[in-house]
Amino acid sequence: MFDVLIKNGFVVNGSGSPACVQDIGIHGDTISAMGMIETDSALKIVEAHGQIVCPGFIDIHAHSDFNLFVQPPGRGKIYQGVTTEVIGNCGVSGAPLLGPALEQRCHSLSNLGIDIIWSSMQEYIELLGHLQLYGNVVPLVGHGNVRGSVLGYKNQRPTAEEMEQMKMLVKEAMDAGVWGLSSGLFYPPGVYAAEEEIISLARVVSAYGGIYATHIRNEEDLVVAAVEEALRIATQAGIPLQISHLKTMGEKNWHKLTHIFMLLEEALAAGVNVSADRYPYTAASTDLDALLPAWACEGGIDAELQRLQQKPERQKIFSHILAGRSDEEVFNNVLISRVFTEANKSLEGKTVAAAAAMLNKSISDAFFDLLVEERLRVGAIFFSMSEENLRKIYQKDYVMVGSDSAVWDIEGPLGDGKPHPRGFGTFPRVLKQYVFEQGVLSLEQAVMKMSGQPAAKLGIKDRGILKEGNKADILIFSEDTLTDRATYENPHQFPSGISHVMVNGRWVICDATLTGIFPGKVILKS
C-alpha cells in the first residue's frame with residue numbers, strides 16, 4: 001500500500017533520459033515503485049494526466065543562509081518548485097562567525113531582525129534544523145567567513161598561525177557536515193586572499209570529498225585570468241570545481257566567452273571535475289559598494305565609510321569606477337534594489353543616474369551619499385550581460401541552473417525592496433523561455449540541469465532523480481500555464497503553473513495551495 005500514488009504523469013526523471021508516461025508510488029519519504037501501478041493500492045491518488053512530473057529542483061547556487069531565519073518562512077523558492085537549496089555560496093555562509101566577521105554580518109542583517117546567537121558551523125546547523133523549512137538545505141562553508149573570523153578585513157597574508165586557524169575552522173565545518181568550501185574572491189575579505197591560501201583550504205575540503213565553488217576574482221576585463229586561477233586551484237587541491245554564475249560582464253568582454261569555454265573544455269578533457277551554474281537573466285545583483293575598488297574596503301565597515309566621506313578619496317574611487325567611461329554610461333545601468341532607511345525608500349527601483357536627477361545631485365554625490373546614509377546597506381542590480389551568451393552558456397553540458405538568490409516573499413520582512421526577479425522566477429523561466437518558447441534546451445536537458453546534475457556534482461546519492469529508493473522530492477506542473485511573473489519593476493510575484501510540490505514524501509503545495517506543512521530538513525555530508 002502506497003501513501004501517495006501519482007498517476008499518468010509525463011515523467012521527466014532528471015537523468016536526461018527520454019520522458020514517458022508513468023505512475024509513481026510513494027511510501028513514507030521514499031519512492032517505492034515506478035511504472036504502471038494499480039489504482040486501488042494507495043491511500044491518496046493524485047491524477048497528473050496532461051502534466052509534467054519531475055524531481056524537485058535543486059538550487060545549486062543559493063544565498064538563503066540568513067533569510068531562512070526570518071519567520072514566517074519565505075515562499076519564493078518553494079513556489080518555483082525548489083525542494084533543495086545549496087547555501088553558503090560566494091564565500092558567505094551562515095557560520096563560522098567570530099570577531100570582525102560576526103560584527104560585519106550583524107550590521108548587514110539588522111533590517112531583517114535576525115539575532116545571531118551562534119558562532120560555529122555546528123551551532124548554526126543545529127539551529128537551522130529547528131526552523132520551519134519548506135525545502136531541504138545543503139550547506140557550504142564560506143571562505144569569507146573563515147578569513148573574516150581570523151584576519152578581519154585586512155589586506156595582508158596570514159601568518160603560519162593564522163593559516164592554521166583558518167584550516168581548523170574549515171575542518172570544523174566539514175566535520176559538522178557541510179558539502180564543501182565556497183569563495184568570493186571579488187569581495188572583501190576574499191579579494192585579499194592569495195591563490196595559495198585558497199589552495200591550502202581547498203585541500204582540507206578535498207580530504208573530505210567536498211567541492212570548491214567560487215565566485216571568481218573577476219567577471220569583467222580580467223575574467224579569463226580569473227577562470228584560469230580557479231582551474232589552477234582545483235587542479236592543485238585535487239577538488240571538484242563549481243564556477244558560480246558563469247558570465248562575462250560588460251559588452252567589451254562578451255566575446256571572451258568562447259575562450260572561457262575552451263579553457264573549461266580543455267580542463268574537462270584533462271580530467272578536471274569542473275562545472276558551472278547560471279541564472280536566466282542578463283543583469284547581475286549584489287551590494288552597491290561592490291563597485292568600489294578593493295583598497296577602498298580595507299579595514300571593514302567603519303574604515304570604508306570614513307573613506308567615502310572624504311572628497312579626495314571620493315574622486316579617486318569614482319575615477320576608478322568609471323575607468324574612462326562617462327558617469328551616465330555606468331550608472332544608467334545600475335538599479336537601486338534595496339535600501340535600509342525609510343528616507344531613501346523612494347529611490348528603490350530607480351537607476352543611480354535617475355536617483356541623482358531626482359535628488360538634484362551629481363551622480364557621484366548621489367552614489368557616495370547613498371552609501372554613507374545607508375551605512376553601505378544598499379542592494380543593486382547591474383545590467384551588463386548578453387542574452388546570446390546566456391543561451392550559449394545553457395547549451396553547455398557542464399552548466400547547471402542556480403538562482404544566485406536568497407529566499408524572498410511577497411510580504412513581511414522578506415517582501416521589502418525590489419530584489420532581483422531571479423528570487424521568484426529562475427526555474428520556471430528556464431523552462432518557459434529556454435525550453436517551451438525558444439527550444440534552446442530539451443525538457444529533459446533542462447530538468448537534468450536543475451535536479452540530477454547538481455545532485456551528482458555534490459554527491460547527493462538519493463535525490464535529484466526519480467527512481468525507486470530515492471527520496472520523494474517531486475514537482476508537478478503544466479506546460480500550458482507555467483509562467484514566471486517576476487519583473488525588475490515588480491519582482492514580488494510568484495510564478496504560476498506549478499500545481500504540486502512534494503518534499504520528503506509530503507505535499508508542501510497541493511492544487512497550487514500551501515498545505516502548511518514544513519517537511520524540509522538540513523542535508524549533511526556524512
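The values are calculated or read from the model by the stated rules, or taken from the named source; none is laboratory data. Being a predicted model, the structure only gives us computed values, none of them experimental. Here the Cβ positions follow ideal geometry from the backbone for every residue, glycine too, while neighbour counts run over all protein chains shown. Ligands, DNA and RNA are stripped out before the accessible areas are found, and what is left, the full protein with its side chains, is counted by its heavy atoms. Shrake-Rupley method; radii C 1.70, N 1.55, O 1.52, S 1.80 Å.
Can you compute 3J(HN,Hα) from phi for each residue in segment 134-142, using the Karplus curve 6.51 cos²θ - 1.76 cosθ + 1.60 with θ = phi - 60°, rounded to whole Hz and x for Gly and Pro?
Each residue of segment 134-142 in turn: 5, x, 7, 10, 10, x, 10, 9, x Hz.
Taking a threshold of 24 Å on the Cα-Cα distance, which of the pairs Lys167/Lys461; Lys350/Lys396; Lys44/Lys471 fall above it? List each step's numbers first, then the result.
Details: Lys167/Lys461 28 Å; Lys350/Lys396 35 Å; Lys44/Lys471 18 Å.
Cα-Cα > 24 Å for Lys167/Lys461; Lys350/Lys396; rest within.
Can you report the principal axis dimensions of segment 390-500 using only the alpha carbons, biggest first, rounded to whole angstrom?
For segment 390-500, the Cα spread along each principal axis is 40, 30, 26 Å.
Of the accessible area of the chain, with the probe set at 1.4 angstrom, what percent is carbon plus sulfur?
Numbers: 9810 of 19500 Å².
Summing carbon and sulfur atoms, their accessible area is 50 percent of the total for the chain.
What is the spin-label model distance, in nm, from Trp254 to Val21 if the labels are put 7 Å beyond Cα along the C-beta direction?
For Trp254 paired with Val21, the spin-label model returns 4.4 nm.
Counting only residues 5 or more places away or on other chains, whose amide H sits under 5 Å from the amide H of Phe2 once H atoms are built in the peptide plane?
Those lying under 5 Å, H to H, from Phe2 are Ala42, Leu43.
Semi-axes, largest first, in whole Å: what does sqrt of 5 times each Cα gyration tensor eigenvalue give for segment 167-230?
Numbers: eigenvalues 105, 24, 19 Å².
The equivalent ellipsoid of segment 167-230 has semi-axes of 23, 11, 10 Å.
Could you pull out every residue, at least 5 positions away or on a different chain, whose amide H is within less than 5 Å of the one on Ile211? Hs are placed 1.01 Å off N in the peptide plane, and Pro or chain starts have none.
Here Gly180, Leu181 satisfy the definition.
Roughly what % of DSSP beta bridges within segment 1-140 run antiparallel, to the nearest 5? If you can, show how the numbers build up before the last one.
On the way: 11 of 25 bridges.
For segment 1-140, the DSSP antiparallel bridge percentage is about 45.
Hey, how many Å between the Cα centroid of segment 78-117 and the Cα centroid of segment 190-218?
20 Å
Roughly what % antiparallel, to the nearest 5, for the DSSP beta bridges in the chain? Mind showing how you got there, number by number?
Values: 36 of 68 bridges.
Close to 55 percent.
Report the label-to-label distance for Gln306 and Glu328 in nanometres (one decimal), using points 7 Å from each Cα along the Cα→Cβ vector.
The modelled label-to-label distance comes out at 3.8 nm.
When every alpha-carbon pair in the chain is counted, what percent end up more than 32 Å apart?
Details: 56484 of 138075 pairs.
That tail contains 41 percent of the Cα-Cα pairs.
So who's got an amide H within less than 5 Å of the one on Val11, skipping anything under 5 residues away but keeping other chains? H placed 1.01 Å off N, in plane.
Residues meeting the amide H criterion: Cys20, Val21, Gln22, Val53.
Could you calculate, for segment 374-452, the ratio of the Cα radius of gyration to the Kirkwood radius, expressed as Rg to Rh?
Details: Rg = 14.9 Å, Rh = 14.4 Å.
On the Cα set of segment 374-452, Rg over Rh gives 1.04.
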